[in-house]
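The values are calculated or read from the model by the stated rules, or taken from the named source; none is laboratory data. A quick note: this is a predicted structure, and the numbers were derived from the prediction, not measured. Cβ: placed from backbone, ideal geometry, glycine included. Neighbour counts: every protein chain shown.
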Protein chains: 2
Amino acid sequence: MLSVGSKERVALSLHSLRMSAEKFVKGKTIELRKKHIGPSCKIFFSHDPIKIVQAKGQYMYDEKGGSYLDCINNVAHVGHCHPDVVKAGAQQMELLNTNSRFLHDNLVLYAQRLQATLPDKLSVCYFVNSGSEANDLALRLAWQYTGHKDIITLENAYHGHVSSLIDISPYKFHHLSDTEQNQSVHVVQAKHSGVYGQIPVQKILHVRQAGGIFIADEVQVGFGRVGTHFWAFQLQGEDFVPDIVTMGKPIGNGHPMSCVVTTKEVAQSFTSSGMEYFNTFGGNPVSCAIGMAVLDVIEKEDLQGNALRVGRYLTGLLEEQKDKHPLVGDIRLKEQYILLSADGPHRNVLKFKPPMCFTKEDADLLVGKLDHILTELEEALGMKLHGALSVENESNKRKLPTDENGRQNPGGLAHGGGSSLGFAKQAKRISS
Amino acid sequence: MLSVGSKERVALSLHSLRMSAEKFVKGKTIELRKKHIGPSCKIFFSHDPIKIVQAKGQYMYDEKGGSYLDCINNVAHVGHCHPDVVKAGAQQMELLNTNSRFLHDNLVLYAQRLQATLPDKLSVCYFVNSGSEANDLALRLAWQYTGHKDIITLENAYHGHVSSLIDISPYKFHHLSDTEQNQSVHVVQAKHSGVYGQIPVQKILHVRQAGGIFIADEVQVGFGRVGTHFWAFQLQGEDFVPDIVTMGKPIGNGHPMSCVVTTKEVAQSFTSSGMEYFNTFGGNPVSCAIGMAVLDVIEKEDLQGNALRVGRYLTGLLEEQKDKHPLVGDIRLKEQYILLSADGPHRNVLKFKPPMCFTKEDADLLVGKLDHILTELEEALGMKLHGALSVENESNKRKLPTDENGRQNPGGLAHGGGSSLGFAKQAKRISS
């Protein structure tokens, strides 16, 4: 019998865990997915999808042990399977998981913790299960408070998948006919607007004078990702306070949870409708325990600071690339074991949204691979390194890439990575 | 130093876990809840709410160690904190939790497992995070497939809290003005309809001939609760196949997850709209692992059989009570350490929905306490045991109590417990 050291035992047990995690050979998984999963649910690299069986930090592992640098996952915010988050979830699951009709300290403690990151006026929380549920509830709060159903939304915005949100997401409804579009929804062109969410503060004040309110959708950009601030709306300045803030994706590091925070006034108005609000899973003790662990890790590991530092470092590297490579065609980085996605109105923007524990070394690796691919591509196309024209006129006019929410990035580890890279074609296609 | 046995160590550690679970004294928890949680989110026993810190099986425990028999929790389906479910969730959380754009065996395996409980035609799954998300997606599928927005819903039905579902939930919208109600929604009176969901099969066929489809909302009644069948729609007979089935509450024993299952035809029609469907958390490996563990426990512990046996036993006991006590006034069972709720159009129906591991002994305890309260109440009111009139005329006419979905119960551990007890007033008031 061989004696195995504790380190080896851990490695062995992780390996066997990974092996036992695979129930089918890949071909069978693909076949069953085709049979049983709605075809509208798209998969990455549909021509040759990846089977991921494990993940840790900013790395994902396939069934053969191949590791991928994850630049695509803004949900695994503090790093995949962070032990503190897993422990908090597992311990609470063992003790109690029930609805919020009973008193529980996790619920109020977590609400208090979230409140502490926000302006004082934003003090009332509603816990729900997804960004979509949060944005739908935000609409209901706004409709009740203002007495109106009119909504101003941004060109190319995406706010979620439930039916009320398709109505306010031009990213989703732009191909629908006029009669199918909700007539209460007014789309503001991105080019006519300013910095944050591309609506200037003056316009927001205008809206408020007319009895309207402002909803900040932080589902994709919140929790320190912008680097300089914890919330993206704070980029508007200390004085700017939205009436409603919605949170999602990173809030539970992958656990299904989200939150709507609003003012006392909006909350009281909602109550005055006489309609109770009950959400079966929202704010349960497990979700709250996980949410608190995520906040703890962000703080303990200074992940907001890391986002700022690594984000700026990466921006610098990407600026160099922009000078070097005037144009990018069809990039497929999967073979380089880097996961990246494309987005934007012309699918020509590289979407960069890694876990917040992304390091400078990861940035070097990413940009090194990118440089390599761009160089090879340009050589293959017989292009000169400087002065070549972009295939699409739009791509090198754009100053900053926008994500599906039509937002720009101030330099953290957010979408687009704050770079000015415009890509002529989709870098990572999501298709069936 | 004292030597402590392993059993004592477990008890001690559970005790200290429970103690450490309490961060604030109760008064402080109440104060913080008032400050930070939306007042539309109601709490049980608002005049003196319970603080639950732990739960196991069909029992919940407050911060002082007081134990309550839980007859109110149709979410903790296989019993609170079932070790198999906790273990499955914790192990998968440690390994991988990411979105369904990567291949994963848990996703397809779980879809296959769910499909095996359903008629063959219902083969395509969409995984989402809550019953509300499931029902909203079901509407989108139906709108796309039929090309129409008209919906027939039942008097007093409740289908969820997102805005599209308030529109089809008379339970929620009945107090709104006509102009606030969605004109595409047609409400069928319960008294004009038949057995399952109170729409007779002939009427469903009628709807199908007109190009309509049938959505079975199993969010509250599925997963073996009706005892004789795994799904409530199966009470309609072997030949009856809905076009869409939505699942929720019990599916993950408290974990936020849910599912929509439909036919190939409906799924293909949804895809033909060209709109991708992406749900960030839906169908993640942790949710699927938990979902499979729940199915395993239902099977391993024969919880559907238990629901049928204990449900029938309880029905018998309650029938005896009905003969004994003609009327019930304002019942508050909390002081008896039994958690029960009231529902129905007149809030005069005792809603009975315990975890599925409820035993005959629990039924004896419940009915014993009920008998005691009814006897005391009737004595206090100076009522005779037999022949007294009900305070509300409706209450003793009703043959079977209905839940918020307007459904009746065939005898399992479902809402109303299959009893004919009608209560004149709310037994367990939910108010602020």
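Values computed for the structure shown
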item: Test result for A:Asp105, facing chain B (nearest Cβ under 8 Å) and among the acidic types (Asp, Glu); result: yes
item: Odd one out for A:Tyr68 among (1) closer than 30 Å to A:Val187 by Cα; (2) out of contact with any Ser or Thr (no Cβ under 8 Å at 6 or more places or on another chain); (3) more than 9 Å from every other protein chain (Cβ to nearest Cβ); (4) of a type outside the set (Asp, Glu); result: (1)
item: Every pair of residues 6+ apart whose Cβ atoms lie under 6 Å, when the first sits in the stretch A:176-189 and is assigned by TED's automatic domain parsing to the domain that holds A:Ile166 while the second is part of a loop (DSSP other than H, G, I, E, B) and not β-branched (Val, Ile, Thr); result: A:Asn182/A:Asp167; A:Ser184/A:Lys149; A:Ser184/A:Asp150; A:Val185/A:Asp167; A:Val187/A:Glu155; A:Gln189/A:Glu155
item: A:Glu265 being closer than 14 Å to B:Ile37 by Cα, charged (D, E, K, R) and without any contact (Cβ under 8 Å) to a residue 40 or more places away in the chain; result: no
item: Candidate set: the stretch B:105-123, residues that are among the charged types (D, E, K, R) and free of Cβ contacts under 8 Å to residues at least 60 places away in the same chain; chosen: the one surrounded by the fewest Cβ atoms within 10 Å (Cβ to Cβ); result: B:Asp120
item: Residues (in a loop (DSSP other than H, G, I, E, B), without any contact (Cβ under 8 Å) to a residue 12 or more places away in the chain and farther than 20 Å from A:Phe127 by Cβ) located in the stretch A:60-104; result: A:Lys64
item: Residues that are free of Cβ contacts under 8 Å to residues at least 60 places away in the same chain and either farther than 11 Å from A:Val124 by Cβ or not charged (D, E, K, R) (or both), drawn from the stretch B:34-47; result: B:His36, B:Ile37, B:Gly38, B:Ser40, B:Cys41, B:His47
item: Matching residues, the stretch A:109-123, being aliphatic (A, V, I, L, M) and either more than 7 Å from every other protein chain (Cβ to nearest Cβ) or assigned to a loop (DSSP other than H, G, I, E, B) (or both); result: A:Leu114, A:Ala116, A:Leu118, A:Leu122
item: Number of positions in the stretch A:133-142 that are more than 7 Å from chain B (Cβ to nearest Cβ) and within 12 Å of A:Met247 (Cα to Cα); result: 4
item: Residue check for A:Asp62: crowded, with 16+ Cβ neighbours inside 10 Å and either within 7 Å of chain B (Cβ to nearest Cβ) or not basic (Lys, Arg) (or both); result: yes
item: Answer residue from the stretch A:258-299, given it is more than 23 Å from the chain's Cα centre (by Cα) and β-branched (Val, Ile, Thr) and is farthest from A:Val219 (Cα to Cα) among those; result: A:Thr271
item: Every residue from the stretch B:31-59 that is in a helix (DSSP H, G or I) and in contact with a helix residue (DSSP H, G or I) (Cβ under 7 Å, 6 or more places away or on another chain); result: B:Leu32, B:Arg33, B:His36
item: Among (1) part of a strand (DSSP E or B); (2) crowded, with 23+ Cβ neighbours inside 10 Å; (3) away from chain B (no Cβ under 11 Å) - the single one A:Tyr126 does not satisfy; result: (3)
item: Out of A:Leu318, A:Leu303, A:Leu327, sole residue that is at pLDDT 90 or above, crowded, with 19+ Cβ neighbours inside 10 Å and out of contact with any Phe, Trp or Tyr (no Cβ under 8 Å at 6 or more places or on another chain); result: A:Leu303
item: Qualifying residue in the stretch A:85-92 (condition: more than 8 Å from every other protein chain (Cβ to nearest Cβ), under 27 Å from A:Ser269 (Cβ atoms) and surrounded by fewer than 24 Cβ atoms within 10 Å (Cβ to Cβ)); result: no
item: The stretch A:143-177, residues that are part of a helix (DSSP H, G or I) and within 11 Å of chain B (Cβ to nearest Cβ); result: A:Trp143, A:Gln144, A:Ser163, A:Ser164, A:Leu165, A:Ile166, A:Tyr171, A:Lys172, A:Phe173
item: Yes/no for B:Ala55 being modelled with pLDDT under 95 and facing chain A (nearest Cβ under 9 Å); result: no
item: Cβ-Cβ under 7 Å pairs, at least 6 apart or on other chains, the stretch A:278-303 side at the interface with chain B (Cβ under 8 Å from one of its Cβ atoms), far side part of a loop (DSSP other than H, G, I, E, B) and among the aliphatic types (A, V, I, L, M); result: A:Thr280/B:Val75; A:Ser287/A:Met257
item: Test: residue in the stretch B:235-250 that is assigned to a helix (DSSP H, G or I) and within 11 Å of another protein chain (Cβ to nearest Cβ); result: yes
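For (1) aliphatic (A, V, I, L, M); (2) assigned by TED's automatic domain parsing to the domain that holds A:Thr359; (3) at pLDDT below 90; (4) surrounded by fewer than 22 Cβ atoms within 10 Å (Cβ to Cβ), each residue gets a yes or a no:
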residue: A:Leu2; (1), (2), (3), (4): yes, no, yes, yes
residue: A:Ile30; (1), (2), (3), (4): yes, no, no, yes
residue: A:Pro39; (1), (2), (3), (4): no, no, no, yes
residue: A:Asp48; (1), (2), (3), (4): no, no, no, yes
